[in-house]
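Remarks on the structure that follows.
The values are calculated or read from the model by the stated rules, or taken from the named source; none is laboratory data. In this text, all values refer to a predicted model and were calculated from it rather than measured experimentally. Glycine also receives a Cβ, built like all others from the backbone with ideal geometry; neighbour counts cover every protein chain displayed. Side chains are part of the model used for accessible areas, which takes the heavy atoms of the whole protein and leaves out ligands, DNA and RNA. Shrake-Rupley method; radii C 1.70, N 1.55, O 1.52, S 1.80 Å.
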Amino acid sequence: YHMKVEEDIVQEILNCKDEHNIKDFNKFEFSPRCVPYKHMPCYTIKMFNDLGLIKHWKLKLSTLTRFILYVKKGYRDALYHNWIHAFSVTHFGYLLIQNLNLINENYMTHMEALVFLVSCLCHDIDHRGTNNSFQTKSSTVLASLYSSEGSVMERHHFAQTMCILNKEGCNIFENFNSEEYGQALDLLKDNILATDLACHFRMMKKQEEMIRGKFDNTDSEHKRLFIHILMTCCDLSDQTKQWKVSKKTAEEIYDEFFSQGDLEKSMGSSPIEMMDRERASIPDLQVQFITDIVLPLFINLSTLFPMVQSLVDVLKENRALWEVSKSIFQKYVEAGMKGIAILL
Ligand SMILES: Cc1nc2ccc(C(=O)NCC(C)C)cc2n2c(-c3cc(OC(C)(C)C)ccc3Cl)nnc12
Ligand SMILES: [Mg+2]
Ligand SMILES: [Zn+2]
């Protein structure tokens, strides 16, 4: 028995064009976190539809709807790694394909575009709000399953996605021939595993070299590296939005990190500074993260697509604002009002 897609949900999806008068939905400035929570499934369908993927692959609306609703259900209400994060990552993937014209400029085939969007939607499914090193350190069930190969959480996110595809009435790749089907699953796995931070570090060097050279879209290695860059950009995309959005997201992330730190303390082990609410300075950590990880990535992308320069500029503005709050935090600490400074 599968989740019967209520006709009214399908109906709402069909006419969710601008019924909620959300304008600029397809602009880089738009923050997907402003979409009302209950409309996120129908705006997810809108993204697939706007990119011409429903038409091109003759996707059945009821299958796609059922799939999306099961994916939404597959996310836990973690402080950051929840369905809203998945929706916002997917929205940025939609913005990239549409605004950089990736399909028509032959940076992506229709197959790569469809699987890319599905990868964004599913890339953190069933996340528990704890990172890979926590799984291994605490010998969780997931660690026993996957720690020998690494990327513990990401392998679980992929496995969960496969479970949903195998549910009755949820297989959105049902019309693919066996060759396309195999290709889609290989791409899906590769894309989701690419969202492991450790994997990203390993690839940064090769990505730089590829971007510096000439991007060759007939070279499968170049294509893979390119899509990995896009996956990580989507995962970090909240940082390219206006200050109040990027600041709120960072605070959600540290809420989740500090909860993991509290959990580690209660288990008798001491958390790393980034996860220790007594020691971490969010402004310092954010300046470092934007400098070391977020900016290099978007600067790489901007060398291929000049339009991305405006996102690099926003990243630099947001980093400057963390610098400001850093100095304010510093003054309070120096004034011996650390307690109050933490409340800021
Ligand atoms: C605003 C923002 N600050 C962050 C600060 C620190 C870290 C962190 O894990 N530091 C560990 C050291 C070893 C580097 C992550 C942060 N972060 C992420 C994020 C990215 C992830 O992986 C990719 C996408 C591959 C980079 C995976 C998980 C997360 Cl939460 N998303 N937004 C953020
Ligand atoms: Mg992840
Ligand atoms: Zn994520």
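General observations
- Residues that are basic (Lys, Arg) number at least 1 in the following helices (runs of 4 or more DSSP H) confined to the stretch 123-219: 132-137, 152-165, 178-193, 197-212.
- Only one of Lys55, Lys46, Lys72 that is away from ligand 1 (no atom under 16 Å from the Cβ), assigned to a helix (DSSP H, G or I) and touching a Pro at 6+ places or on another chain (Cβ under 7 Å): Lys72
- For Ile84, the criteria (1) part of a helix (DSSP H, G or I); (2) more than 16 Å from Thr249 (Cβ to Cβ); (3) open to solvent by 30 Å² or more (accessible area, probe 1.4 Å) hold in every case but one, which is (2).
- The stretch 101-119, residues that are in a loop (DSSP other than H, G, I, E, B), in contact (Cβ under 8 Å) with a residue 24 or more places away in the chain and not aliphatic (A, V, I, L, M): Asn106, Tyr107
- Restricting the stretch 201-257 to residues that are away from ligand 3 (no atom under 16 Å from the Cβ) and among the small types (Gly, Ala, Ser), the residue that is least open to solvent (accessible area, probe 1.4 Å) is Gly213.
- Extreme residue, least open to solvent (accessible area, probe 1.4 Å), among residues of the stretch 146-185 that are among the charged types (D, E, K, R) and under 19 Å from the mean Cα position of the chain (by Cα): Glu154
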